[in-house]
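A short reminder: the numbers here are calculations on the coordinates, not readings from a lab. All figures in this text were calculated on a predicted structure; none of them were measured in a lab.
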């Protein structure tokens, strides 16, 4: 099993979003439909009602984090989440920064970088399943 596939075996997740990556909403919905406990930290200018707005508000015991931020450096979120004991991170493709890459290299955490989470979570016929098929065809899965 690929690292990208086994990542989703966790029982609980936090999804950090600033609403600039639509796949974050789909990730939340898909994980919830699979019976996973999902916490959402909404760092957008207009957070959803009931969403956590600060990483410091998260409870302990979260296994994995999915981060889709473009307005702030995701490396800052990783640093805060590490303090909460989280060691497994999925950083949405095209959001990685040099600081994030350095942090992932230098720390004792698992970071999946440069992949869309929905390519591995999506079910049925969708843009994500087509993306998955093309990625497999070209050896990029």
The helix 23-33 Cα axis meets the longest alpha-carbon principal axis of the chain at an angle in degrees, between 0 and 90 and rounded to 10, of 90
Here the alpha-carbon Rg of the stretch 80-121 over 2.2 N^0.38 Å rounds to 1.16
Tilt, helix 74-83 to longest principal axis of the chain (alpha-carbon atoms), in degrees rounded to tens, equals 60
For the chain, longest principal axis from Cα atoms; helix 127-137 axis from its Cα atoms; angle between them, nearest 10 degrees, is 60
Cα extents of the stretch 51-98 along the principal axes, largest first, in whole Å, come to 28, 21, 15
Percent of all Cα-Cα pairs per 5 Å bin for the stretch 1-82, counting from 0 up to the last occupied bin, reads 3, 14, 27, 27, 20, 7, 1, 0
